[in-house]
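First up is the structure itself, then whatever we jot down about it.
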Ligand code: ZN
């Protein structure tokens, strides 16, 4: 696979409204999009930092994966997302072929019309890793 950059850092929060003032008023950054991803039961807020984005993830339901993560003591950075230039589907096949555990065997649609796939943290030194590319 060909990775060109970190696309975004996913940060799990109880409340986007509570943490957004830190990013906007203290760091002087701007939230440019808020989007609900029904599939993952999260509300997302995107903040641009140069080429990289911060994706704030707030659970919209108690059975949301983010709600479970927060309930289990999760805090701060939830995942790192890499931009794949030559196909997330191919990258997932390649990764599985190298013996890694996957969360997604095939890409699914995420926020910002991106195709995404997660690698299991058990295979990535504890870092939940997302591969993503724009949906064509
Ligand atoms: Zn993400």
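Restricted to region 1-30, and to residues there that are under 29 Å from residue 90 (Cα atoms) and in a loop (DSSP other than H, G, I, E, B), the residue that is nearest to the ligand (Cβ to nearest atom) is 1.
In region 126-136, how many are under 17 Å from the mean Cα position of the chain (by Cα) and more than 12 Å from the ligand (Cβ to nearest atom)? Counting residues in region 126-136 that are under 17 Å from the mean Cα position of the chain (by Cα) and more than 12 Å from the ligand (Cβ to nearest atom) gives 5. Tally time: how many residues in region 50-59 are more than 15 Å from residue 113 (Cα to Cα) and surrounded by 15 or more Cβ atoms within 10 Å (Cβ to Cβ)? Looking only at that region, the number is 5.
Of all the listed residues (88, 93), the sole one being over 17 Å from residue 43 (Cα atoms), at pLDDT 95 or above and buried (at least 17 other Cβ atoms within 10 Å of the Cβ) is 88. Per this entry, residue 77 is not counted among residues that are closer than 25 Å to residue 45 by Cα, in contact (Cβ under 8 Å) with a residue 40 or more places away in the chain and part of a loop (DSSP other than H, G, I, E, B). Against the test of being within 16 Å of the ligand (Cβ to nearest atom) and either over 18 Å from residue 33 (Cβ atoms) or without any contact (Cβ under 8 Å) to a residue 24 or more places away in the chain (or both), the options 119, 57, 109, 100 yield a single qualifying residue, 119. For region 31-49, a tally of residues being exposed (fewer than 14 other Cβ atoms within 10 Å of the Cβ) and either assigned to a helix (DSSP H, G or I) or at pLDDT below 95 (or both) returns 2. When residues in region 124-135 are screened for being free of Cβ contacts under 8 Å to residues at least 24 places away in the same chain and either out of contact with any helix residue (DSSP H, G or I) (no Cβ under 8 Å at 6 or more places or on another chain) or assigned to a helix (DSSP H, G or I) (or both), 2 of them pass. Considering only region 62-70, I want to know if a residue exists there that is surrounded by 13 or more Cβ atoms within 10 Å (Cβ to Cβ), within 14 Å of the ligand (Cβ to nearest atom), modelled with pLDDT of 95 or more and part of a helix (DSSP H, G or I). Yes, region 62-70 contains a residue that is surrounded by 13 or more Cβ atoms within 10 Å (Cβ to Cβ), within 14 Å of the ligand (Cβ to nearest atom), modelled with pLDDT of 95 or more and part of a helix (DSSP H, G or I). Evaluate the following for residue 76: is it under 19 Å from residue 7 (Cβ atoms), away from the ligand (no atom under 15 Å from the Cβ) and surrounded by fewer than 20 Cβ atoms within 10 Å (Cβ to Cβ)? In short, no.
Among the residues here, residue 45 does not qualify as more than 17 Å from the chain's Cα centre (by Cα) and more than 16 Å from residue 129 (Cβ to Cβ).
The values are calculated or read from the model by the stated rules, or taken from the named source; none is laboratory data. Quantities reported herein were computed from a predicted structural model and do not represent experimental measurements. Cβ sites come from the backbone with ideal geometry, for glycine too, and all protein chains shown count toward neighbours.
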